[in-house]
Amino acid sequence: MKAIKAVLPGGRLFSLRTERNLALIFGLLGLLLVGTITAHWLLVLEPALREEAASRAAAMAQAHAQSLERVLGSGLPAPQLERELRTTMGSLLLLKDEATQKPFVRRLSISLDYDLVDMPRGSLDLSMGPANASGCFVLRVPLYDPRTHLLIGVATFHSNAFFMERLVGDLRTKLWWIMGIIAGLTGFAWLESSRLLKRLGESEANLRRVFEAAPFPMVLGEQGMPSLRQANEAAKAYLGLREDATGRLTSDVWLRLYAQGLPKTLGAQHETCLSVEGGPERWALVSATPLRFSGTMSRLVTLVDVSELKAVQEELRAASQTDALTGLYNRRFLYQRLAKEIELVQRYSHPLSIVLFDLDYFKGINDTFGHRAGDEVLVRVAEVLRRCLREVDIAGRYGGEELLLLLPHSSVGQAREAAERIRIALKHEEWPYQGMEVTLSAGVSQYAGETLDAFIDSADRKLYRIKANGRDGVAC
Ligand SMILES: Nc1nc2c(ncn2[C@@H]2O[C@H](COP(=O)(O)OP(=O)(O)OP(=O)(O)O)[C@@H](O)[C@H]2O)c(=O)[nH]1
């Protein structure tokens, strides 16, 4: 758990340990609730019910005692009085609950004070009903003579406790059910939450392992926060991340990358160039996944180094634009670039000129000195071109021994000067072959609103005018 907290600090409202403790606390609270209900039942409700039932039984015994008092105060002689009492007591013992048919009074006995009753001693001490009556409230009710209102004895009733038992039994059963259900649900919820928390802990630990083991840089940060919450080893090394004063990770490279803006949606990615201090420039493919992590909107940023791919792409791009022998731009590129330059001229109306060169008697050079020597000548001519041109000028190989120059912001006169400069420079080149002379002819044109092909054709026509006039010259 400690390890997980260390990997995923901050952001989470509660740690896993706290969440587990909370589950335990809620479980205990559930048990406490069950305990409270049970205690309330045992200490308050059940005694109250018993008291209620006992007071009802007492009221009933009181009422029955009045029947006995009436008989005792009737003034009958002892034998007759005894018969009357037996009859009354017998009828009381026969009173039954309609629903259960259980008698209200199970046993009834009378003991009289013979100093106050005008009867032979012991003649009216009567007991009726089963001797071992159980489940009863035993109630002793004083008997008064209705004529003198003197206390003349005591009647003891064994009143049935059936109502109370039934009531208590019903309530108790319901209560056990409710508490059983509460306890069961609490236990189930606690077990489930413990199981889920365990799985959450495992999945966080797995996430951490995957995060750490990823061979490419991965960082985790909160949205809107430049410093990082977490980074794997690959990211720390790649971005040169260090902990700041608050324990968060940051570096200049990361802050520059952050300032450029990170992809905002899932699946979005962009390439960026990172310059790590003291290291070479690196190209990285950056993607970001927004996710809610421990209740905080976060972003998982992954970086894939594509420096090698970039280098290969650059090589391919250069190869697709340049001529392998001379290193000059190829014809395809020249066409694309010339089309763009014409668009700029049409928009901004600055001058644009081209020069079409053709080496003179190049077939003869090949034939005399060999094809390899001819190649060397082409390479040297390309070097001469590069030497003689401005940064903005574009030189390319238009055909076999034909070369094309694009001269933006140059009038035909300036282009002519450039062509002459090249022609002269080539004439002064020293060649490692006995008797070799290399000259060129050139046609110069300034753009005048025609089509691209017509523009080149106009330079071509001028070139062939020079060829026809003996070569080694420039025509405008
Ligand atoms: N060595 C070499 N020769 C090439 C290359 N490309 C074209 N050539 C040769 O250049 C020669 C061009 O010959 P031509 O078109 O007759 O022109 P030329 O001999 O220069 O004659 P003019 O243009 O009339 O002065 C051909 O023999 C081609 O084989 C190349 O890349 N290397």
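The values are calculated or read from the model by the stated rules, or taken from the named source; none is laboratory data. Everything numeric in this text was worked out from a predicted model, so none of it was measured. All Cβ positions, even for glycine, are placed from backbone atoms using ideal geometry, and neighbour counts span all protein chains on display.
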Is there a residue in region 398-413 that is farther than 24 Å from LEU338 by Cα and either without any contact (Cβ under 8 Å) to a residue 24 or more places away in the chain or part of a loop (DSSP other than H, G, I, E, B) (or both)? no
Pair list, Cβ under 8 Å, 6 or more apart: region 54-83 residue on the phi < 0 side of the Ramachandran plot and surrounded by 13 or more Cβ atoms within 10 Å (Cβ to Cβ), other residue among the basic types (Lys, Arg) and outside any helix (DSSP H, G or I): GLY73/ARG147
For region 147-181: of the residues being touching a strand residue (DSSP E or B) at 6+ places or on another chain (Cβ under 8 Å) and of a type in the set (A, V, I, L, M, F, W, C), which is nearest to HIS40 (Cα to Cα)? ALA161
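For region 363-393: of the residues being aliphatic (A, V, I, L, M) and surrounded by fewer than 19 Cβ atoms within 10 Å (Cβ to Cβ), which is nearest to the ligand (Cβ to nearest atom)?
Start the filter on region 363-393 by keeping residues that are aliphatic (A, V, I, L, M), which leaves 365, 373, 377-379, 381-382, 384-385, 389, 392.
Next, from what is left, pick out any that are surrounded by fewer than 19 Cβ atoms within 10 Å (Cβ to Cβ): 373, 379, 389, 392.
Details: ALA373: 7, VAL379: 10, LEU389: 21, VAL392: 27 Å.
Within region 363-393, the match that is nearest to the ligand (Cβ to nearest atom) is ALA373.
Does LEU68 qualify as being closer than 16 Å to ALA133 by Cβ and assigned to a helix (DSSP H, G or I)?
No: the conditions fail for LEU68.
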Within region 344-362, take every residue that is in contact with a Phe, Trp or Tyr (Cβ under 8 Å, 6 or more places away or on another chain) and of a type in the set (Val, Ile, Thr) and give me the one that is farthest from the ligand (Cβ to nearest atom). VAL345
ALA373 being more than 30 Å from GLY449 (Cβ to Cβ), touching a Gly at 6+ places or on another chain (Cβ under 7 Å) and part of a helix (DSSP H, G or I): no
Could you grab the pairs with beta carbons closer than 8 Å, sequence gap of 6+ or different chains, first residue in region 354-378 and free of Cβ contacts under 8 Å to residues at least 40 places away in the same chain, second one among the aromatic types (Phe, Trp, Tyr) and within 7 Å of the ligand (Cβ to nearest atom)? GLY374/PHE362
Region 156-194 - residue that is more than 23 Å from LEU33 (Cα to Cα) and assigned to a helix (DSSP H, G or I) and, of those, modelled with the lowest pLDDT: PHE163
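Matching residues to (1) of a type in the set (A, V, I, L, M); (2) surrounded by 15 or more Cβ atoms within 10 Å (Cβ to Cβ); (3) closer than 30 Å to LEU197 by Cα:
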| residue | (1), (2), (3) |
| --- | --- |
| LEU249 | yes, yes, yes |
| GLN260 | no, no, no |
| THR296 | no, yes, yes |
| GLU308 | no, no, no |
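Residues that are in the same structural domain as ILE466 (by TED's automatic domain parsing) and within 13 Å of the ligand (Cβ to nearest atom): does region 333-343 have at least one?
Scanning region 333-343, I find no residue that is in the same structural domain as ILE466 (by TED's automatic domain parsing) and within 13 Å of the ligand (Cβ to nearest atom), so the answer is no.
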